Amino acid sequence: MLEALKLTKDFGPLCALSEVDLEIREGEIFGLLGPNGAGKTTFVNIATTFLKPTSGTVRIAGLDVMEDTARVKNLLGVVPQEISLYDMLSGEENLEFFGGLYGLRGGRLKTRVSEVLETLGLAERRKGKISNYSGGMKRRVNIGAGILHEPRMILMDEPTVGVDPQSRHHIFGVIENLRDNGATILYTTHYMEEAERLCDRIAIIDHGKVVACGTKRELVALIGEQSVLEIGFSGDPDPAVLESTLPDARIHDRRILIHTTDPAAALPRVVSGLSGVGVDLTSINVQEPDLEAVFLRLTGHRLRDRGTES
Ligand SMILES: Nc1ncnc2c1ncn2[C@@H]1O[C@H](COP(=O)(O)OP(=O)(O)O)[C@@H](O)[C@H]1O
Ligand SMILES: [Mg+2]
């Protein structure tokens, strides 16, 4: 659905994007995960035709964004990082205004505005002025403005910054729904948890370079990071017997820890090993490694380290 090839953007001496290759498949939620200043917004601005690249190309649905600008714009919905709404208008009036910009008119416009207000959980507050909305409500209207015309591809640039957990949860539901109804979504974030929770595939970006791309599982496997299978047991088995039964385990405090890339395969082996030595299981827990660990390993610094830069 979207393909970037060797995409580069320089701002004078600063290289905001450096030879970025990305492929976003139709019908997926694709996450662009990186700290502030990584180049996420620059990427979105080029893909949405607002900014010219220094070199390289982006194609959306087979169309070159630099050559087929008008047709590309028709396919796209954009949710900008900065909330851009009219404070003195109501939520409903804002959506009517933005729907008009996207070419919706008359009954179709009214219907879509109502549907989107409903989807976003704003129907009851539709007549209220934006200036009286909470941060989370403004974010939701901002998203609504980008999806009114039912775009095939939606680019969302950090759409949940400053949003309370309840609104965030609601927004995630809306995004998953859009995907399930056939839209393709690019979602940028500097929150690892969001990327893990929401995105089908994720590209990790840092200093304008994509350092890795894949499902969370693939990313974690890429660095050989292992899950920890943690099994609680009762009774007093002979430690020497336990150790010889499960040579790859660390045992302490009635817990067995096994580091493995495939906990599902390791579990039956552990369970049968333990029943052989007459030990009862009391708990099973799989601690998966997260994207923070991947990011740290690949870039040498933490995602959160530069949180105040922008
Ligand atoms: N118009 C601009 N002029 C100069 N530098 C810019 C401009 N836009 C972005 N940058 C710089 O490019 C880098 C990437 O910025 P940006 O794409 O906004 O990152 P992100 O969205 O990941 O936080 C940053 O170092 C930023 O300061
Ligand atoms: Mg940004």
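Brief remarks on what is shown
- Rounded to 5, percent antiparallel among DSSP beta bridges of region 1-97: 100 percent
- Using R0 = 35 Å, the C-beta based FRET efficiency linking residue 250 and residue 28 works out to 0.40.
- Under 14 Å, Cβ to Cβ, from residue 107 - net charge with Lys/Arg +1 and Asp/Glu -1: +2
- Inter-probe distance in nm under a simple model that places probes 7 Å from Cα toward Cβ, at residue 287 and residue 87: 4.8 nm
- Taking the accessible area of the chain, probe 1.4 Å, and keeping the other protein chains in place, the carbon and sulfur fraction comes to 49%.
- Length gained on full extension, residue 240 to residue 132, computed as 0.36 nm times the residue gap minus the Cα-Cα distance: 32.1 nm.
- FRET efficiency for residue 21 and residue 302, using Cβ-Cβ distance with R0 set to 30 Å, rounded to 0.05: 0.75
- Computed from label points 7 Å out along Cα-Cβ, the spacing between residue 261 and residue 280 is 3.7 nm.
- Cα centroid separation - region 188-234 against region 239-268, whole Å: 24 Å
- Long-range HN-HN contacts of residue 249 with modeled amide H, under 5 Å: none
- Approximate spin-label separation residue 223-residue 181, in nm, with each point projected 7 Å along Cα-to-Cβ: 3.7 nm
- Shown here for region 1-68: GluC sites (Glu not before Pro) in loop regions (DSSP other than H, G, I, E, B) with at most 13 other Cβ atoms within 10 Å, namely 26, 67.
- Average accessible area per residue (Å²) across region 159-220 - probe 1.4 Å, nucleic acids and ligands excluded: 41 Å²
- Overall dimensions of the chain by Cα: Rg and Dmax, Å: 23.9, 79
- Loop-located trypsin sites (Lys or Arg not before Pro) across region 59-146 with a Cβ neighbour count of 11 or fewer within 10 Å are 105, 127, with loop assigned by DSSP.
- Each listed q (0.23 Å⁻¹) maps to a log10 I(q)/I(0) for region 1-80, found by the Debye formula over equal Cα scatterers with no solvent: -1.19.
- Bridges between two residues of the chain, per DSSP, are antiparallel at a rate of about 65%.
- Calculated mean residue ellipticity, 222 nm, the chain: -11000 deg cm²/dmol, from DSSP H runs (n ≥ 4) at -39500 (n - 2.57) each, averaged per residue and rounded to 500.
- For region 165-234, chymotrypsin sites (Phe, Trp or Tyr not before Pro) meeting the loop criterion (DSSP other than H, G, I, E, B) and having at most 14 other Cβ atoms within 10 Å: none.
- Overall form of region 57-213 per C-alpha gyration tensor (a/c, 1.5; a/b vs b/c): oblate
The values are calculated or read from the model by the stated rules, or taken from the named source; none is laboratory data. This one's a predicted model, so the numbers in the text were calculated from it and none came from an experiment. A quick note on method: Cβ atoms are made from the backbone with ideal geometry, for glycine too, and the neighbour counts reach across all protein chains shown. Just the protein is used for accessible areas: all its heavy atoms, side chains included, with ligands, DNA and RNA removed. Shrake-Rupley method; radii C 1.70, N 1.55, O 1.52, S 1.80 Å.
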